Amino acid sequence: MSSVRSILLLLCFSFLAYSGLVGQNTVSIFGKVQDAKTGEPLIGVNLRLEGTEKGATTDLDGLFEISGVVPGSYNITASYLGYQTKTRSNVIIQSKGNDDINFELQEGGLDLETVVVTASPFETKISTPLSLQTLSPEEIKTYPGGNNDIAKVVQSLPGVSGSIGGFRNDVIIRGGAPNENVYYLDGIEIPNINHFSTQGSAGGPVGLLNVDFIEEVELSSSSFGAQYDNPLSGVLQFDQRNGNRRGRQTNVRVSASEAALTTEGPLFKGDNTEANTSYILSVRRSYLQALFELIGLPIRPDYWDYQYKISHDINEYNSIFVTGIGSVDDFSVKAPDDFDAEQQSVLDQVPVIKQWTTTAGFGWKKRLKNGKGIMNTFLSTNILNNDFSRYLDNENLTGLVLKNNSRETEQKLRYHYTRFLDDWSLKVGVNLTRSIYTNETQDLAFDNTFSTELDFLKYGLFSQASKSFLDGRLDFTVGFRMDDNTYTEESGTLLKTFSPRTAISYVLDPNYNWRLSASLGQYYKIAPYTVLGYQDQAGNFSNKNVPYIGSFHAVMGLERKLGQFAKISAEGFFKRYTNYPISLADEVSLANKGADFSVLGNEEVVSDGLGRTYGLELLYQQKLQKNFYGILAYTFFKSEFTGLDGVYRPSVWDSRHLLSFTGGYKLPGNWEFSVRYRFAGNTPFPPVDPEASLPVYPVLILDYSNLGENELSSFNQLDVRIDKKWNAKSYTFNLFFEIQNALTQNNPEPPSFGLDRDESGVIIEPRSLVEVINSPSSLLPIIGLAIDF
């Protein structure tokens, strides 16, 4: 290891020495400006690079080009008479590999011949006036500890936390379970965003999405648009950019755990300056298995993934795209050369996972003439194939204990029609999903074997209306949706999932600095396929009567703009859950499960569970100004769910306090320094029951009977990062150095147990389970690079 570190340090110093040799280049940047509501291109918009004399004006197609730009970090402003001026902050311009810089401008509500209205850089929507956060690709790429992983970055937002210990990418929003969120990629729903995903939930240790594709990430933690089905806690929308339509470009990225190649360019361009069709394609390969072998760990996670998008403009009113994402995951183990009690317990208890996923979708957007409306149509299919096994000997795959070989397939149609009538925006739509679920389960530890084949339909409809009043100071929206299916015993009753929602927002002062917002909404989610397809020992579908899980939200927030680039806000929230499934085996709500390497919901349940989460979020956020940007968030909350006895107990997510700070400072010479700090309070956990676990080991039985009496210590972690860019004429080189867990704080973990063994690793008879001492956490240095050419 020392030789490897010496080589990395030598490379680092070599690149630092090279930094003064790269001359200054200039480039052209491109983009498009559209009306935020209708999508129509805006002609004659003024674009300006702040701090320079560079600028441009959009042409008849809303396109612009700013030439002679020195690579660096800029705030770029778009202004247009009758529209709110908008600024994009911290836009990084390179000599190679620049994305188009696109703007969507909102109409202003004042007499703009005398008053200039500036749009806040913090996105809001009439339908979602609060509980909404957005992230730019620049923010994601430079987040310390993020490793270009979008799910890890999202955990720094207000009200969002990860699972116990901070290892996995579970997105836990305002005390809800990790499977209460939905994910959309350009309007195409994707079932999960992680490798080695927990079936029935969504989390995993490594993110699936390639940040080089992303134009914007939007997280809604309440006040969900009526077009989204199945969210209880959050909606994550990932907007992908189109590939470069003027020329080909390539990005190569190498980090501590993986290497990625992304290429993009025009199709059928001919002699034109710009093509109507473009592509962007990436493939990523992990080498974690080699790294873990080098340092002597028993686990061997191995993964591939791919992502693509082809977009085409048919004419000025119609555009289509095809997009897809997929993964191949293989999680195996290998015993270390020398016996170690901690590593042996991991070797015994981790599952063997062979998993692959794929999502492919087609989207068609049609703008009606004269800006009267928009139609969006989406067709997609997604598959999760999960082969999950446990053995008495995981290394040699002998002594089968559990095997769950299942596949979830969905074929989806979604249609949205938006009509603009005077100042009203009316949206209606339908969705139809064919669900196919197969499951071959052999549970030898608990003597249950079954084979499931389900094929049924899910369908829904929605309507929503929005309008601004009082010169844009008052925003109002109201809507509803209903969902049903052809499988569960309550099917055929759309009205049982009638879910109304409304939101209102009012600007309190004439300078548009203070805004008060509130929302109410009822939301529903169908139980996971693992729950619906479970069969008991008699072969009965014992969970077929499970109703939709309900969640009622009430939120109120106050926001104050601090100049053009900063804001503070406070939001109070309350969520009430009904019909939550409760495990009959563990007598605990399934809301407390799903953040480990398992299969969530493959058991008998009853839907008698209730839940409630409530709290207060405080936020300070500053976009890039005077070379500094940052976000400071604090959340106080409680999360409680009932078990089979009907008693409210703290959930395993109930850490009460969440504190996070992420910020960075731009230094001269394309240097950047950034930090991220996260804190979570004491978190309840269910301890292992050694007596109940011994007969079924390596399966561990957790004792949920007194959940809340045992707590982990608080979690806190500091990550620091330094970035440096070199812009040569034909390429851009980015090098970063990062230290994770710089304070060397131990991650809180529940006590671990394993079979009692002697110093040679031989099991001591009679067998017993003993506590295993976990190794202390240490700081983790990481070096990575990216090249654009």
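The values are calculated or read from the model by the stated rules, or taken from the named source; none is laboratory data. Given the structure is predicted, the values throughout are model-derived calculations rather than measurements. Glycine gets a Cβ as well: all are built from the backbone with ideal geometry, and neighbour counts include every protein chain shown. Quick note on the areas: whole protein, heavy atoms, side chains included, nothing else; ligands and nucleic acids left out. Shrake-Rupley method; radii C 1.70, N 1.55, O 1.52, S 1.80 Å.
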Of all residues in the stretch 710-719 being surrounded by fewer than 19 Cβ atoms within 10 Å (Cβ to Cβ) and of a type outside the set (Ser, Thr, Tyr), the one that is nearest to Leu785 (Cα to Cα): Asn716
Residue in the stretch 377-389 that is crowded, with 18+ Cβ neighbours inside 10 Å, at pLDDT 95 or above, outside any helix (DSSP H, G or I) and aliphatic (A, V, I, L, M) present: yes
Residues of the stretch 319-329 classified as among the charged types (D, E, K, R) and open to solvent by 10 Å² or more (accessible area, probe 1.4 Å), total: 0
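Which ones in the stretch 213-247 are part of a loop (DSSP other than H, G, I, E, B), within 30 Å of Ser28 (Cα to Cα) and of a type in the set (D, E, K, R)?
Arg241, Arg245, Arg246
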Among residues of the stretch 110-137, those that are at pLDDT below 75, crowded, with 20+ Cβ neighbours inside 10 Å and either in contact with an Asp or Glu (Cβ under 7 Å, 6 or more places away or on another chain) or not in a loop (DSSP other than H, G, I, E, B) (or both), counted: 0
Failed item in (1) more than 17 Å from Asp35 (Cα to Cα); (2) open to solvent by 50 Å² or more (accessible area, probe 1.4 Å); (3) assigned to a strand (DSSP E or B); (4) not hydroxyl-bearing (Ser, Thr, Tyr), with Lys365 passing the rest: (1)
Yes/no for Glu316 being part of a helix (DSSP H, G or I) and open to solvent by 30 Å² or more (accessible area, probe 1.4 Å): no
Those residues of the stretch 667-686 which are within 26 Å of Leu618 (Cα to Cα) and buried (at least 20 other Cβ atoms within 10 Å of the Cβ), in sequence order: Ser674, Arg676, Tyr677, Arg678, Ala680, Thr683, Pro684
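Table: residues versus (1) in contact (Cβ under 8 Å) with a residue 12 or more places away in the chain; (2) open to solvent by 30 Å² or more (accessible area, probe 1.4 Å); (3) in contact with a Gly (Cβ under 7 Å, 6 or more places away or on another chain).
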site: Gln564; (1), (2), (3): yes, yes, no
site: Pro581; (1), (2), (3): yes, no, yes
site: Val588; (1), (2), (3): yes, no, yes
site: Asn592; (1), (2), (3): yes, no, no
site: Glu604; (1), (2), (3): yes, yes, no
site: Gln625; (1), (2), (3): yes, yes, no
site: Lys638; (1), (2), (3): yes, yes, yes
site: Val652; (1), (2), (3): yes, no, no
site: Ser660; (1), (2), (3): yes, no, no
Given (1) open to solvent by less than 60 Å² (accessible area, probe 1.4 Å); (2) part of a strand (DSSP E or B), index of the condition Glu453 fails: (1)
Odd one out for Ser332 among (1) open to solvent by 40 Å² or more (accessible area, probe 1.4 Å); (2) within 17 Å of Tyr415 (Cβ to Cβ): (2)
Criterion violated by Phe597 - all others in (1) within 20 Å of the chain's Cα centre (by Cα); (2) in a loop (DSSP other than H, G, I, E, B); (3) crowded, with 20+ Cβ neighbours inside 10 Å satisfied: (3)
Qualifying residue in the stretch 471-483 (condition: open to solvent by 80 Å² or more (accessible area, probe 1.4 Å) and of a type outside the set (D, E, K, R)): no
Residue that is modelled with pLDDT of 95 or more and among the charged types (D, E, K, R), where the choices are Lys309, Lys334: Lys309
Any pair with Cβ under 7 angstrom, 6 or more apart, that starts in the stretch 409-425 at a residue that is outside any strand (DSSP E or B) and ends at one that is surrounded by 15 or more Cβ atoms within 10 Å (Cβ to Cβ): Asp423/Lys467; Asp423/Ser468
